[in-house]
1. Right, THR25: polar (S, T, N, Q), loosely packed, with under 11 Cβ neighbours inside 10 Å, within 15 Å of the chain's Cα centre (by Cα) and over 16 Å from ALA3 (Cβ atoms) or not?
2. Taking MET42 as the residue in question, decide whether it is of a type outside the set (S, T, N, Q) and surrounded by fewer than 14 Cβ atoms within 10 Å (Cβ to Cβ).
3. Filter region 21-45 for residues that are within 21 Å of THR85 (Cα to Cα) and either among the charged types (D, E, K, R) or modelled with pLDDT under 90 (or both) and give the result.
4. Give GLU91, GLU60 a once-over and let me know the one that is surrounded by 11 or more Cβ atoms within 10 Å (Cβ to Cβ), touching a residue at least 12 places away in the same chain (Cβ under 8 Å), out of contact with any Lys or Arg (no Cβ under 8 Å at 6 or more places or on another chain) and not aromatic (Phe, Trp, Tyr).
5. When the residues of region 66-76 are filtered to those that are surrounded by fewer than 14 Cβ atoms within 10 Å (Cβ to Cβ) and out of contact with any Pro (no Cβ under 8 Å at 6 or more places or on another chain), which remaining residue is modelled with the lowest pLDDT?
6. For region 1-59, what are the residues that are touching a Gly at 6+ places or on another chain (Cβ under 9 Å), part of a helix (DSSP H, G or I) and of a type outside the set (A, V, I, L, M, F, W, C)?
7. Mind checking which residues of region 60-77 are under 18 Å from ARG89 (Cα atoms) and either acidic (Asp, Glu) or assigned to a loop (DSSP other than H, G, I, E, B) (or both)?
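The values are calculated or read from the model by the stated rules, or taken from the named source; none is laboratory data. Every value quoted in this text rests on a predicted model; they were computed, and no experiment measured them. Positions of Cβ are backbone-derived with ideal geometry, glycine not excepted, and every protein chain shown enters the neighbour counts.
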Amino acid sequence: MYARVTRWEGADGQGLRRTAEEMRTRAASGPPPGVPACGFLMLIDPDSGRSLAVGLFETEEDLRAGDEALNAMNPEPGDDVGRRTSVERYEVAVDVRI
C-alpha cells in the first residue's frame with residue numbers, strides 16, 4: 001500500500017472545519033474521478049490553521065495516477081484550506097486499525 005501526504009497551512013479554523021465536512025459528505029460517493037484511492041484521512045488543527053490529507057492507494061501505479069489527477073485539481077489557496085505547502089509519497093510499512 002502507498003500513501004500520498006499533502007500538507008496545508010494558513011487556513012482559517014472554521015474554514016478547515018467547513019472543508020472537512022464538505023469532504024466527508026463528498027467521500028460517501030467515493031474518490032474523485034481519476035483518483036484510484038482505497039482510503040483517505042484528513043487531519044486538521046484548526047488552532048494553527050494546518051491540515052494533512054492522506055490518500056491511500058493499493059499499488060504504486062494507482063499512487064502515480066492519483067497524484068497526477070489530484071495535482072491537476074489543486075484548489076486555489078484561500079482562507080478555507082490555506083495553501084498547499086508540500087506533497088510527499090510513502091510506502092505504507094504498517095497499517096493498524098483497531
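1. Working: polar (S, T, N, Q): yes; loosely packed, with under 11 Cβ neighbours inside 10 Å: yes; within 15 Å of the chain's Cα centre (by Cα): yes; over 16 Å from ALA3 (Cβ atoms): yes.
Taking the combined requirement at face value, the residue satisfies it.
2. Details: of a type outside the set (S, T, N, Q): yes; surrounded by fewer than 14 Cβ atoms within 10 Å (Cβ to Cβ): no.
So MET42 does not fit the description; no.
3. Residues satisfying the conditions are MET23, ASP45.
4. Details: GLU91 fails: surrounded by 11 or more Cβ atoms within 10 Å (Cβ to Cβ).
Result: GLU60 is the single residue among GLU91, GLU60 that is surrounded by 11 or more Cβ atoms within 10 Å (Cβ to Cβ), touching a residue at least 12 places away in the same chain (Cβ under 8 Å), out of contact with any Lys or Arg (no Cβ under 8 Å at 6 or more places or on another chain) and not aromatic (Phe, Trp, Tyr).
5. As a first pass, look at region 66-76 and keep what is surrounded by fewer than 14 Cβ atoms within 10 Å (Cβ to Cβ): 68, 71-76.
Retained after the next criterion (residues that are out of contact with any Pro (no Cβ under 8 Å at 6 or more places or on another chain)): 68, 71-72, 74-76.
Numbers: GLU68: 94, ASN71: 89, ALA72: 88, ASN74: 69, PRO75: 67, GLU76: 64.
Filtering first and then ranking leaves GLU76.
6. GLY13, GLY15
7. Step one: filter region 60-77 for residues under 18 Å from ARG89 (Cα atoms), giving 60-74.
Scanning region 60-77 gives GLU60, GLU61, ASP62, ASP67, GLU68, MET73, ASN74.
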